[in-house]
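None of the figures in this text is laboratory data; all of them are computed from the coordinates on show. Remember, predicted model here, so these are calculated numbers, not experimental data. Don't worry about glycine lacking a Cβ; one is built from the backbone with ideal geometry, like all the others, and counts go over all protein chains shown.
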Amino acid sequence: MHRTEERWTDAYKERGALWFHDGNPKRPHSLLTSGNHSNGFFNSSIVIEDDQILREAVADLIELFVEYRKTKALDDIDLIVGPQTGPTKDVGAAKMARFLSERINELGGDLLYCDWAAPEKATEDGKNILRFNGGVHGSVASLDRVIPCDDVLTTGGSVVKLYNAIHSRSGRLSDAVLILVNRSGLQHVEGKGILALITKELPIWTPEECPLCKEGSVAIHPKVDNNWTLLNAEY
């Protein structure tokens with residue numbers, strides 16, 4: 001392993017990618033994609049932008065995956081799938097999927113080729129789902145053995161949608177999902193293990209329950225516009 005969990009947490013702190021509310025009601029707090037609120041946020045996009053640390057992260061995740069399966073064999077893995085959550089396929093979990101596939105190919109040599117794919121989010125029938133549109137480096141084919149990945153697991157909802165996208169193409173889910181940060185408190189999602197570099201449960205409140213809102217703090221999306229700077233500003 002390149003880093004222990006403590007050192008990975010330090011890496012987030014050193015890059016300003018980990019934020020906690022300090023209790024000052026003038027400071028805004030985190031509005032999550034679900035619409036719920038929190039007093040903490042892991043901004044993995046900052047870490048993923050750094051190619052070197054991302055290579056170290058995926059190497060450690062593959063090592064955790066090998067230990068979890070109790071076998072060094074990776075020749076049954078056909079595809080890594082991470083959702084496209086940004087404007088391009090070279091950010092976020094999509095970039096993470098590409099780096100994971102490259103790492104598996106390095107370990108497998110000429111005996112193995114592991115592709116990657118990045119389904120994009122789409123809205124159908126008023127619901128946000130993950131859908132393959134094609135035109136990616138890879139796409140799930142029938143009976144493909146697939147490792148799902150994502151940068152942060154908050155409630156598990158996005159991972160379930162990712163599972164559903166894989167099942168819709170008759171792909172077979174591997175033993176576990178690979179995550180940079182698991183802040184959910186979960187150990188499994190639909191029976192599949194969660195392997196993460198950092199496991200730290202953070203509180204999540206509905207807007208009605210949020211104690212920070214009751215004290216006058218405003219909830220904002222951390223990764224929208226200039227909001228990350230606002231969260232970290234002096235107040």
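As a calculated quantity, the FRET efficiency between Phe20 and Leu143 at R0 = 35 Å, using C-beta atoms, amounts to about 0.20. Between the helical axis of 51-69 and the longest alpha-carbon principal axis of the chain there is an angle of about 60 degrees. Label separation (Asn128 vs Asp175): 3.2 nm, computed from points 7 Å beyond Cα along the C-beta direction. Using only Cα atoms, find the angle between the long axis of helix 157-168 and the longest principal axis of the chain, and express it within 0 to 90 degrees, rounded to the nearest 10. Between the helix axis and the principal axis of the chain, the angle is about 30 degrees.
The calculated FRET efficiency for Glu67 paired with Asp10, based on their beta-carbon distance and R0 = 30 Å, is about 0.85. Please determine, in degrees from 0 to 90 and to the nearest 10, the orientation of helix 5-14 with respect to the longest principal axis defined by the Cα atoms of the chain, where the helix direction is its Cα long axis. Orientation of helix 5-14: about 60 degrees from the principal axis.
Ignoring the sites themselves, the chain has its longest run without trypsin sites (Lys or Arg not before Pro) in a DSSP loop having at most 12 other Cβ atoms within 10 Å at 73-235. Extension gain for Val224 to Lys200 (0.36 nm times residue separation, less C-alpha to C-alpha distance): 6.3 nm.
Residues with beta-carbon under 12 Å from that of Trp8, excluding Trp8: net charge, scoring Lys, Arg +1 and Asp, Glu -1?
Numbers: positive: Arg3, Arg7, Lys13, Arg15, Lys200; negative: Glu5, Glu6, Asp10, Glu14, Glu56, Asp60.
Overall, the nearby charge balance is -1.
Do any of Lys89/Lys161; Lys13/Lys121; Lys26/Lys214; Lys26/Lys223; Lys13/Lys161; Lys89/Lys121 go past 21 Å between their Cα atoms, and which?
From Lys89/Lys161; Lys13/Lys121; Lys26/Lys214; Lys26/Lys223; Lys13/Lys161; Lys89/Lys121, over 21 Å: Lys13/Lys121; Lys13/Lys161.
Here Rg/Rh (Cα atoms, Kirkwood Rh) was calculated from the structure, and among [x] 0.98; [y] 1.08; [z] 1.01 it sits at label [x].
Scalar couplings 3J(HN,Hα) for region 196-205, obtained by applying the Karplus form with A = 6.51, B = -1.76, C = 1.60 to θ = phi - 60°, are 9, 6, 10, 10, 8, 6, 10, x, 10, 10 Hz; x denotes Gly and Pro.
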